[in-house]
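Here is the structure we will look at.
The values are calculated or read from the model by the stated rules, or taken from the named source; none is laboratory data. Computed from a predicted structure; not experimentally measured. Positions of Cβ are generated from backbone atoms using ideal geometry, with glycine treated the same way; all protein chains shown enter the neighbour counts. Protein only, heavy atoms only, side chains kept; ligands, DNA and RNA dropped before computing areas. Shrake-Rupley method; radii C 1.70, N 1.55, O 1.52, S 1.80 Å.
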Amino acid sequence: MVTYEKLRAELVEIGRRLGERGLIAGSDGNISVKCADGRILVTPSGLNKGRMRPEDLVVVDESGRPIEGGRTASSELLMHLFAYARRPEIRAVVHAHPPYSTAFAVAGKGLPGDILPEVVVFVGEIPLAAYAPPGTESVPAALEPFVAGHNAILMRNHGLLTLGRTLEEAYNRHETVEHYARILWLATRLGEPVSIPPEDLKRLKDLRRSLDAR
Ligand SMILES: [Zn+2]
């Protein structure tokens, strides 16, 4: 039997933080982490992700076949498998419906990549993927143009997807994007947001590349 005790505890904690920060509602959102043996630990469908127990999680192989767990894996499992297949260095995927980020996605607006230094360095560009019915094969198809080169993608009329080399990194990107979307929303009430000067934007992007290469 596979246990992944530490990863289970970490994943449950990330779910709790998503709930606590108001980034999910009801039973929405899903989280996964790739284990050392290539299997994937993923949230079940139906449960509130803010109040899970370690034993609620489901283990699947890299093609999505259930290995362990009494529950059904997330209906968005395909999206997680797709991200791992395209990004071998990625070990964690977080998907939720954070209100400000999702508001931009619903309005059909992406988030500009040149406004806040911490977003440039720790997240990068945040593109907007085309609409795809949740849980279908259309979701990976909509993400296809962006998943290779981005760590955060807005999903039109749906929510936000973030990727990371650890659960902590994928979660932090989620939190950073939502905080950014909120700041941007407030800034646009005051006027036109101003971009970072081009010479410093280049320095910040170089810094991101050096962090990515680590
Ligand atoms: Zn969703």
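Here are a few things to note about the model shown:
- With respect to the stated conditions, Lys109 is of a type in the set (D, E, K, R), open to solvent by 10 Å² or more (accessible area, probe 1.4 Å) and either part of a loop (DSSP other than H, G, I, E, B) or closer than 25 Å to Arg17 by Cα (or both).
- The set of residues in the range 27-36 being modelled with pLDDT of 95 or more and assigned to a loop (DSSP other than H, G, I, E, B) consists of Gly29, Cys35.
- Top-ranked residue in the range 148-162 [being more than 16 Å from the ligand (Cβ to nearest atom) and under 24 Å from Glu10 (Cβ atoms); ranked as least open to solvent (accessible area, probe 1.4 Å)]: Asn151
- Residue in the range 170-191 that is free of Cβ contacts under 8 Å to residues at least 12 places away in the same chain and under 25 Å from Asn30 (Cα atoms) present: yes
- Of all the listed residues (Ser138, Ser75), the sole one being touching a Pro at 6+ places or on another chain (Cβ under 9 Å), open to solvent by 20 Å² or more (accessible area, probe 1.4 Å) and more than 30 Å from Leu207 (Cβ to Cβ) is Ser75.
- Among residues that are under 18 Å from Val12 (Cα atoms), crowded, with 21+ Cβ neighbours inside 10 Å and away from the ligand (no atom under 16 Å from the Cβ), Arg91 is included.
- Filtering the range 163-174 for residues that are within 16 Å of the ligand (Cβ to nearest atom), aliphatic (A, V, I, L, M) and open to solvent by 10 Å² or more (accessible area, probe 1.4 Å) leaves an empty set.
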